[in-house]
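Down below is the structure, laid out as structure tokens.
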Amino acid sequence: LRSYLRDESSRLRRLRRFYEKVQALHQDPEASVDNPLLAFSLIKRLHSDWPNVIYSNEATWNTQALHAGLGEVEQELPGTEDLDGAARALMRLQDVYALSVKGLAKGVFQRAGHPPLYSPGRRVSLSADDCFHVGKVAYDTGDYYHSIAWLEEAVSLFRLSYGNWNLEDRSSLEDALDHLAFSYFMAGNISHALSLSREFLRYDPSNQRVSRNVAKYEKLLEMGTGARGRWDWQGCHGPPPRLFPPHALLGPLPPQPAPERLRHLGCSYETNSSPYLLLQPAKKEMVRIRPYVALYHDFITDAEAETIKGLAGPWLQRSVVASGEKQQKAEYRISKSAWLKDTADPVVRALDQRIAAITGLDLRPPYAEYLQVVNYGLGGHYEPHFDHATSMKSPLYRMKSGNRIATIMIYLSAVEAGGSTAFIYANFSVPVVKNAALFWWNLRRNGNGDGDTLHAGCPVLAGDKWVANKWIHEHGQEFRRPCSADPQD
């Protein structure tokens, strides 16, 4: 595009010079009759030079070069899935962090009455067309809770700039009013749907479809009913409106842990009776006793983290989740991941040794899975889930090494905001700490899953979150983490 603009600017400068020459010759029409040289110059400009300008091939060549350049990189450009996914990410951030849509449109990451969660060095605002697209993505899935909020902002911004055509806009005030009116109707607010439709007709009075909708809205209000009839609308039928944010589905959280449960928390240097850690003990911070969650600071170095990210980068693919006996993509897990064997690089092998030392567990195949490297980008998240299998049909049992007894998650990067690991029922979260490793037991000593380990990866509000997961299975650990005398433990 930069090359095209440069070439077109040169062409237009030459065109302006030609225009100025002809304009100068026309300044005194009577002089051209008297001066034969002036007459000749004017005739020549209009006869031979003018067609050369009009039928110049240069503009065509410049456009062809632009299209050819686009063709070279077109496969690498974002697609519809990327764009709609980014829109859904904004709605996810809006919900989880209770952010104002009006604030987001102005580039402010803030909830009412609170300091900003994130203050970017450069504030970027959204256009009316941007807000319309986010609202349209929600609208197309029948999510009128979000479509109303975003389309309201789109309408507000379009009103401010109405009449000023923008090359980048693919929508208009009329489009936004049209979709917002139907969203309000589906949400049960017929009077506001009627008001918006009437406003639409002020801009496009000949639109018969909206005129018919206005008549039906008026009839419904006269009847005093909210019944929804059959509408003259294309592609608007969808699931019932969702009038609450997704995080409301989790229900009330349990109370905070009692103070006596937190008294044993602290930091220590740990060797875990391992010769590997004698000269460099692990920096252990106890986060919770039950569920048992520990954070090991400075678990890896910056160089090791970059090496692991570099190894995984070319192999990253959309993450999948267990669904019955299969694995598939899911909207509740938005990330990209890759798997690294310990033979991929000495850094990966050294990491396995370090994990074995601090956990005291056996990581030799098949007692542990390969290292999974995960990248969470724009709004990347993982909704509440267990790492251990909750069904014997789970694909985890194909390894023939039992369930996942423990998880260690290594933070390979820092983030500017968001991205915490939240333990839902235990009611605490652990922020992203670069180069640290988070460890917890998924199973109790009796082999049952620990319900308190239900956890989620909060959406990344700002930044790029990289983690590496190591899942360790119960077979091979019988004498390393033996059963307790208490069957309930």
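Working from Cα positions, state the angle (0 to 90°, nearest 10) between the long axis of helix 58-73 and the longest principal axis of the chain.
The angle comes out near 10 degrees.
Please report the carbon-and-sulfur percent of the accessible area for the chain; probe 1.4 Å, protein heavy atoms only, DNA, RNA and ligands left out.
Ligands and nucleic acids excluded, carbon and sulfur give 54 percent.
Rg(Cα) of segment 271-422 divided by 2.2 N^0.38 Å?
1.09
Hey, got the Cα dimensions of segment 382-489 along the principal axes, in Å, largest first?
Sorted largest first, the three principal extents are 45, 27, 26 Å.
Among the listed pairs 341/465; 434/470; 336/434; 283/336; 400/465, which have their C-alpha atoms separated by more than 23 angstrom in this model?
Flagged as over cut-off: 283/336; 400/465.
Which Rg and Dmax, in Å, describe the Cα atoms of segment 93-224?
That works out to 16.2, 54 Å for Rg and Dmax.
Largest first, what is the accessible-area ranking of 63, 359 with a 1.4 Å probe?
63, 359
Take the chain, drop everything but the C-alpha atoms, weight them equally and run the Debye formula without solvent; then report log10 I(q)/I(0) at 0.08, 0.12, 0.13 Å⁻¹ to two decimals.
Debye output, listed in q order: -0.70, -1.14, -1.24.
Accessible area, 1.4 Å probe, largest first: how do 454, 265 sort?
Result, largest first: 265, 454.
Around residue 268, what is the net charge, scoring Lys/Arg as +1 and Asp/Glu as -1 over all other residues with Cβ under 9 Å from its Cβ? Don't skip to the end; give the middle numbers.
Details: positive: 283, 284; negative: 270, 285.
Value of the local net charge: 0.
Could you name the aspartates and glutamates in cross-link range of residue 393, using Cα to Cα under 12 Å and dropping any fewer than eight places away on the same chain?
Result set, ordered by chain and number: 325.
If packing is taken as the mean number of other Cβ atoms within 10 Å per residue, what is the order of 91-97, 472-478, 119-125, highest first? Show your work: numbers first, answer last.
Values: 91-97: 21.6, 472-478: 19.6, 119-125: 9.3.
Result, highest mean Cβ count within 10 Å first: 91-97, 472-478, 119-125.
Whole number in Å², please: accessible area per residue of the chain, 1.4 Å probe, ligands, DNA and RNA not counted.
Each residue of the chain exposes 57 Å² on average to a 1.4 Å probe.
Which value at 222 nm does the chain reach when only helices count, each DSSP H run of 4 or more adding -39,500 (n - 2.57), with the total divided by all residues and rounded to the nearest 500 deg cm²/dmol?
So the calculated ellipticity at 222 nm is -11500 deg cm²/dmol.
Please calculate the 1.4 Å probe accessible area of residue 433, with all protein chains present, and give it to the nearest 10 Å².
The accessible area comes out at roughly 40 Å².
For the chain, find the longest principal axis of its Cα atoms and tell me its angle to the long axis of helix 190-203, 0 to 90°, nearest 10.
So the helix axis and the longest Cα principal axis differ by about 30 degrees.
Relative to the first principal axis of the alpha-carbon coordinates of the chain, what is the inclination of helix 302-312, with its axis defined by its Cα atoms, in degrees from 0 to 90 and to the nearest 10?
With rounding to tens, the tilt is 70 degrees.
List the lysines whose Cα lies under 24 Å from the Cα of residue 106, skipping any in the same chain that are fewer than 8 positions away.
136
Once you list every other residue whose beta carbon is under 12 Å from the beta carbon of residue 124, what net charge do they have if Lys and Arg are +1 and Asp and Glu are -1?
+2
Using only protein heavy atoms and a 1.4 Å probe, report how much of residue 4 is accessible, in Å² to the nearest 10.
Here the accessible area works out near 60 Å².
How many percent of all Cα-Cα pairs in segment 1-76 sit more than 20 Å apart?
Details: 1392 of 2850 pairs.
For segment 1-76, the fraction of Cα-Cα distances above 20 Å is 49 percent.
Where in segment 81-111 is the amide nitrogen less than 12 Å from a point lying 7 Å along the Cα-to-Cβ axis of residue 140?
The answer is 81-88.
The values are calculated or read from the model by the stated rules, or taken from the named source; none is laboratory data. From a predicted model like this one, the values you see are computed outputs, not experimental measurements. Quick reminder, even Gly has a Cβ in these numbers, built from the backbone with ideal geometry, and neighbours come from all protein chains shown. Please note that ligands, DNA and RNA were not included when accessible areas were found on the heavy atoms of the full protein model with its side chains. Shrake-Rupley method; radii C 1.70, N 1.55, O 1.52, S 1.80 Å.
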